[in-house]
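Trainee: The structure under discussion is supplied below as structure tokens; questions concerning it will follow.
Here, each number is a calculation from the coordinates, and none is a lab measurement. Computed from a predicted model, the values in this text were never measured in an experiment. Counting neighbours? That spans all protein chains shown, and the Cβs are built from the backbone with ideal geometry, glycine included.
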Amino acid sequence: MNAGPRNEDDGADTTSGLHCVYVTRTTEYHFEGDTCVAVRDRRTGEFLASHLAAGRRLGALDCSPASGSTSTSSPRVGDALYLPSPERSLVTSPIERIEKPSLAVVARYPARRVA
């Protein structure tokens, strides 16, 4: 069984190591480096331009509840993503899998918000 990143569209070219998708129960968090560049609802397949995570940088991870600790290593299956903000931080549900997005999916990312 391959537990590593997988292609989202069969046979499509995937992006370089810069892009990564963290898939939780209801949501996909699309990252470029350590910044969340897009969020997609898994049920509808729609990108959510106004989601709290969009544009935020990944903070320390909230590791599995049993450990009761945080980590700054790369997120793993079972971890929750932590996206801090002075106004309202976000902690996701546990990561179910980690993927590499296809070039076609990256091309559909919503326009980025300008601060």
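Trainee: Which semi-axis lengths, in whole Å and largest first, follow from the square roots of five times the eigenvalues of the Cα gyration tensor of the range 19-107? Kindly include the intermediate steps, with their values, before the conclusion.
Mentor: Working: eigenvalues 83, 41, 29 Å².
Semi-axes from the Cα gyration tensor: 20, 14, 12 Å.
Trainee: May I ask for the net charge around D41, where only other residues with Cβ less than 14 Å from the Cβ of D41 are counted and Lys, Arg are +1 while Asp, Glu are -1?
Mentor: Neighbour charge sum, excluding D41 itself: +3.
Trainee: May I ask you to compute the full-extension gain from R108 to S50, defined as 0.36 nm times their residue separation minus their alpha-carbon distance, rounded to one decimal in nm?
Mentor: Numbers: separation 58, 0.36 × 58 = 20.88 nm, distance 1.54 nm.
Gain in length upon complete extension: 19.3 nm.
Trainee: Can I ask one more? Can you tell me the length gained on complete extension of the stretch S73 to R57, counting 0.36 nm per residue apart and subtracting the Cα distance?
Mentor: 4.4 nm
Trainee: With θ set to phi - 60°, apply the Karplus curve 6.51 cos²θ - 1.76 cosθ + 1.60 along the range 90-105 and write out the HN-Hα couplings as whole Hz, x wherever there is a Gly or Pro.
Mentor: For the range 90-105, the Karplus curve yields 10, 10, 7, 6, x, 5, 8, 7, 10, 10, 9, x, 6, 4, 5, 5 Hz.
Trainee: What full-extension length gain, to one decimal in nm, is calculated for R43 and L18 as 0.36 nm per residue of separation minus the Cα-Cα distance?
Mentor: Working: separation 25, 0.36 × 25 = 9.00 nm, distance 2.56 nm.
That works out to 6.4 nm of additional length.
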